[in-house]
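The values are calculated or read from the model by the stated rules, or taken from the named source; none is laboratory data. This structure is a prediction, so every number in the text was calculated from the model and none was measured. With ideal geometry, Cβ positions are generated from the backbone for all residues, glycine too; neighbour counts draw on all protein chains shown.
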Amino acid sequence: MSIRTTVLQKAARLSRNRPVFARGLTSRIAPNTSSKTVSSKFLIGAGVALAVPTYMYLNRAHLDSQQVVETAVPDKPQALEQEKKQEGKKVSIKEVLEHKDGDRVWVVIQGHVYDMTDFLEDHPGGKDIIAENRSKDVTFIFNPRHPSDQLEADNLPPNVQHLGTLDTASASDEEKEKLKLKISKDEQDETERIERKRKEIEEQGLGSVVNMRDFEKLAEDMCTSVGWAYYASAADDELTKNENNTSYRKIHFRPRVLRKVAEADASTTILGYKSSLPVMISPAAMAKLGHPLGEVNMTRGAANTGIIQCISSFASCSLEEICAARSDNQPLFFQLYVNSKRDLAAEVLKRVNRLNLNAILLTVDAAVGGKRERDLRLKGNFEPPKTGAFEKHDDTKGVSEAMFAGVDPDLCWDDIKWIRSQTKLPLLIKGVQTVEDAILAYRMGADGVVLSNHGGRQLDTTHTGIDTLLEIRKHAPYLLRPEYRGPIGLQPAALEHPENLTPPDPQGKPTDRPFEIWVDGGIWRGSDAVKALCLGANAVGAGRGFLYANAVGGQQGVEHAVNIFSAEILTTMRLLGVNKVDQLRPSMVEIKE
């Protein structure tokens, strides 16, 4: 039985057993369904802040194969046995409503009733968002931020109790009305606006989207206010985010003409894996805030276009869902945040190993979350609950703030040894912003660095990725491949033989072992990618751009984005006078201060 067949059958079984789950994703959408056929009704529900599902807090279902499912069952036999007993139990709406003012906090999600009382303190999004919606059907706000397998028995946190399925047959109309989540007019207007815009895009197609900024313009209307605030937010005054977007303007090309460029090839290798472009999908969280299939769209889009996806620790789809959508031999990289509780971090790495992911990007620029003011202003429209033990608390968090609740602020260079002890996968350090830390990463045995400032979302007024690359060129050129250590711009040696495409490569030994340098941040054009490669980067990553493409067109949007990058890179290469990526050199650019 194929992986996809197993997942689809499992989803079908869930949809039969759980009446309200028909509004979810897996019961309605087959793995190969075009994103154009997805109902716009799935887009509702991102208008408030709540829990952020992460691999750092909750275990997920093992959907990659039937064998893994069977081996996972003995881990929590008692919990699973209890789940089986409760599966057939019916809970009336009247019983749920009776807990409106009691000591226990019950909620309804996807047609099932859960006691969340003992989970409140552990909830990554803060306890208030659950407590203030007690005795309500919160499916509306749950679905957009959680994997569709989050509520299966072996995924529930041990302190969440599944009480049974909701019995609606015996309920009065008044009881059903009281169970409904109160949705503001603004949220309803947002839902209607998103449905309307998605229908327009489906009718018109993506022909009018000719560059990545076009996706950004369209995406704002395809997201709720909170979803857009999370995607677009950056730290403090957003100066670094803006500088990311303009940092490549100071780099000018020095094109060579009258070269045979009818044939051009933008393919390359990244960590030894073939890629059709030197552009990757950077780890960017919460893709379901833009489209109900979330990161799965990116996985399928990357497979169909031959590029590599890096999965965020804070993806809104589970690793198992993403890997179930993976094509044969498709490389997938994983971005790792290390939890303060090392046993939880170890479990994450075990799952990464078991699912045969191909590399780990250790994120190191997020000891704490940056102050992302757009996100904070729209963290939720609820007032704190007025009764019980919760009346003095208002810890509802913005999406960004909730994410960092379990990240270890004491993570240090010594921890690389521990990570190495847990996995044999290639390890890159993501979030390097100085030459000193690039040197340390190399000395500590990392397989590379990702020069990134987290999209300007952490420390404002810090280096851009391309500026850090320039700093490495100046102070530690030995970290670069020998052919990229030469001077930038015109070199006198080139004047002796101007018929050559570039001056002779500098002589020198490569690093003692392969060490890759990737640049992330501000990559909006194919020409940006080419500039970074000329200066010595092995590859570049784009995050927000692919989130916007996913929001606008789902899988089709992701593939269209890759095609835009491909066309722009190939055009830039041809106009520079080169046929292959490995012909790019520092002499082909100059820096204009």
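Here is how the numbers come out for the structure above:
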item	result
Unmet criterion (only one of (1) closer than 19 Å to ALA539 by Cβ; (2) of a type in the set (S, T, N, Q); (3) more than 20 Å from the chain's Cα centre (by Cα)) for ASN244	(3)
Yes/no for THR117 being within 20 Å of ILE183 (Cα to Cα) and surrounded by fewer than 22 Cβ atoms within 10 Å (Cβ to Cβ)	no
Pair list, Cβ under 8 Å, 6 or more apart: segment 435-447 residue in contact (Cβ under 8 Å) with a residue 12 or more places away in the chain and farther than 12 Å from ASP512 by Cβ, other residue assigned to a helix (DSSP H, G or I) and of a type in the set (Ser, Thr, Tyr)	VAL435/THR468; ALA438/THR468
Every residue from segment 150-195 that is among the basic types (Lys, Arg) and touching a helix residue (DSSP H, G or I) at 6+ places or on another chain (Cβ under 6 Å)	LYS178
PRO498 surrounded by fewer than 17 Cβ atoms within 10 Å (Cβ to Cβ) and without any contact (Cβ under 8 Å) to a residue 12 or more places away in the chain	yes
Candidate set: segment 202-232, residues that are modelled with pLDDT under 95 and aliphatic (A, V, I, L, M); chosen: the one surrounded by the fewest Cβ atoms within 10 Å (Cβ to Cβ)	ALA232
Boolean, ASP528 is touching a strand residue (DSSP E or B) at 6+ places or on another chain (Cβ under 9 Å), part of a helix (DSSP H, G or I) and surrounded by fewer than 17 Cβ atoms within 10 Å (Cβ to Cβ)	no
Where LYS592 falls short, out of the listed (1) touching a strand residue (DSSP E or B) at 6+ places or on another chain (Cβ under 8 Å); (2) assigned by TED's automatic domain parsing to the domain that holds MET298; (3) charged (D, E, K, R)	(2)
Residues of segment 435-448 that turn out to be within 20 Å of ILE251 (Cβ to Cβ) and either in contact with a strand residue (DSSP E or B) (Cβ under 9 Å, 6 or more places away or on another chain) or of a type in the set (Phe, Trp, Tyr) (or both), as a count	1
Residues of segment 484-495 satisfying the condition of being of a type in the set (A, V, I, L, M, F, W, C), surrounded by 13 or more Cβ atoms within 10 Å (Cβ to Cβ) and either under 19 Å from ARG473 (Cα atoms) or at pLDDT 95 or above (or both)	ILE488
Any hit, segment 495-511, residues being over 22 Å from LEU277 (Cβ atoms) and in a helix (DSSP H, G or I)	yes
Identity of the residue in segment 191-201, closer than 23 Å to GLY545 by Cβ and in contact (Cβ under 8 Å) with a residue 40 or more places away in the chain, that ends up surrounded by the fewest Cβ atoms within 10 Å (Cβ to Cβ)	ILE201
Any pair with Cβ under 6 angstrom, 6 or more apart, that starts in segment 140-169 at a residue that is assigned by TED's automatic domain parsing to the domain that holds ILE130 and ends at one that is aromatic (Phe, Trp, Tyr) and part of a helix (DSSP H, G or I)	PRO157/PHE119; ASN159/PHE119; VAL160/PHE119
Residue under evaluation CYS223, criteria (1) out of contact with any Leu (no Cβ under 7 Å at 6 or more places or on another chain); (2) assigned by TED's automatic domain parsing to the domain that holds GLY522, criterion not met	(1)
Residues of segment 557-593 satisfying the condition of being among the polar types (S, T, N, Q) and more than 17 Å from MET280 (Cα to Cα)	THR571, THR572, ASN579, GLN583, SER587
Of the criteria (1) over 25 Å from the mean Cα position of the chain (by Cα); (2) surrounded by 17 or more Cβ atoms within 10 Å (Cβ to Cβ), which one LYS182 fails	(2)
Qualifying positions in segment 462-485 - part of a loop (DSSP other than H, G, I, E, B) and either among the basic types (Lys, Arg) or touching an Asp or Glu at 6+ places or on another chain (Cβ under 7 Å) (or both)	THR464, ARG481, ARG485
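This table checks each residue for (1) more than 18 Å from the chain's Cα centre (by Cα); (2) surrounded by 24 or more Cβ atoms within 10 Å (Cβ to Cβ); (3) at pLDDT 95 or above; (4) of a type in the set (A, V, I, L, M).
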{"position": "GLN507", "(1), (2), (3), (4)": "yes, no, no, no"}
{"position": "PHE515", "(1), (2), (3), (4)": "yes, no, yes, no"}
{"position": "ILE523", "(1), (2), (3), (4)": "no, yes, yes, yes"}
{"position": "GLY557", "(1), (2), (3), (4)": "no, yes, yes, no"}
{"position": "PHE565", "(1), (2), (3), (4)": "yes, yes, yes, no"}
{"position": "GLU568", "(1), (2), (3), (4)": "yes, no, yes, no"}
